[in-house]
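Asker: Supplied in structure tokens, the structure appears directly below.
Each reported figure results from applying straightforward, stated rules to the coordinates on display, with no laboratory input. Treat the numbers as computed from the prediction; the structure is a model and nothing was measured. Because the Cβ atoms are built from the backbone with ideal geometry, glycine has one as well, and the counts that use them run over all protein chains shown.
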Amino acid sequence: MAHDGHDLLDLLKFELKFLEDGGYGRSPHTSWRRELVFEDSPTCLNFSDPVRSHPCTECLLMRLLPSELRTQVSPCRLIPLTDKGETIDYFYRCGTQLELEEALASWLRKQIRCIEEQHESAREAKQSSSTSNGLDRLRQQQWLAFAGNLYSLATLHCESHNYAVAHALYEHAFAAATRVAALGDNGRSLVTRIRKDQKAVSEILYGGERGLEQAPSEELEKVGQ
């Protein structure tokens with residue numbers, strides 16, 4: 001559980017940064033409809049997967065819901081964001097986008113603070129042992145999917161010529177993939193692909209005269225299954 005708590009903390013921190021950077025308002029991935037909290041985030045195991053291959057019960061966010069709610073359709077919508085018990089689904093039906101994002105930001109900061117306070121000693125212990133302990137299947141799948149989702153989102157922005165956004169997302173994808181690869185997982189090949197495409201985008205942003213020598217790689221094959 002200490003490992004999962006640490007990963008949940010990282011996931012929540014990314015979600016807060018994603019929210020603060022306007023991630024739910026500028027993605028070309030779902031420009032035809034309102035962005036859905038968590039479900040349209042690169043942290044979602046079913047990001048860009050219309051078949052929804054992964055059950056939501058495999059997501060780390062389910063730790064924040066009672067067990068009886070985890071089998072509901074889109075259970076992350078049932079996470080209460082306020083002391084009044086107002087959920088994400090409540091804001092979809094009765095609130096504005098601004099109210100939802102304010103409540104979400106406040107909730108994320110509160111969860112991050114609580115987890116940091118509760119797991120400080122566990123985090124220190126994990127840092128000393130992480131080089132010798134392999135990732136369990138759930139954590140491996142979550143991080144590989146996370147890195148792959150970021151990679152796919154970066155490619156979408158690259159195809160839309162949003163090169164600065166794409167470059168930043170490639171950097172996040174690289175960090176997530178490196179986390180897995182450093183522990184001996186097959187994430188090494190993903191790291192190579194991300195770096196190759198990020199370098200191509202860098203040449204566009206900073207090289208001036210050079211364009212992409214090769215189009216970004218095809219959408220990442222499913223991993224972690």
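Asker: List every residue whose amide H lies under 5 Å from the amide H of E86, counting only residues 5 or more places away in sequence or on a different chain, with H placed 1.01 Å from N in the peptide plane.
Answerer: L81
Asker: Which semi-axes, in whole Å and largest first, does the equivalent ellipsoid of the stretch 30-109 have when worked out from the alpha carbon gyration tensor as the square roots of 5 times its eigenvalues?
Answerer: Semi-axes (√(5λ), whole Å): 20, 17, 11.
Asker: What number comes out for the charge environment of E20, summing +1 per Lys or Arg and -1 per Asp or Glu over other residues with Cβ under 12 Å away? Please report the intermediate quantities before stating the final value.
Answerer: Details: positive: K13, K17, R109; negative: E15, D21, E101, E102.
That works out to -1.
Asker: For an R0 of 30 angstrom, estimate the FRET efficiency from the Cβ-Cβ distance between R188 and K84 and round to the nearest 0.05.
Answerer: Details: r = 47 Å, r/R0 = 1.57.
It comes out at approximately 0.05.
Asker: Sticking with this structure for a sec: Quick one: Karplus J couplings for the stretch 61-68, per residue in order, coefficients 6.51, -1.76, 1.60, θ = phi - 60°, nearest Hz, x for Gly and Pro?
Answerer: Once rounded to whole Hz, the list reads 5, 5, 4, 8, 10, x, 4, 5.
Asker: For the pair S48 and T71, how long in nm is the line joining their label points, each one 7 Å along Cα→Cβ?
Answerer: Here the answer is 3.2 nm between the modelled labels.
Asker: Quick one: what are the phi-derived ³J(HN,Hα) couplings along the stretch 101-106, Karplus 6.51/-1.76/1.60 with θ = phi - 60°, whole Hz, x for glycine and proline?
Answerer: With the stated coefficients, the stretch 101-106 comes to 5, 5, 5, 5, 4, 4 Hz.
Asker: Quick check: residue separation of R63 and E203 times 0.36 nm, minus the Cα distance between them. What number comes out in nm?
Answerer: Values: separation 140, 0.36 × 140 = 50.40 nm, distance 4.19 nm.
So the chain would gain 46.2 nm between R63 and E203.
Asker: Give me a comma-separated list of calculated 3J(HN,Hα) values for the stretch 155-168, in order, Karplus coefficients 6.51, -1.76, 1.60 applied at θ = phi - 60°, integers in Hz, x for any Gly or Pro.
Answerer: For the stretch 155-168, the Karplus curve yields 5, 4, 5, 5, 5, 8, 6, 8, 5, 5, 5, 4, 4, 5 Hz.
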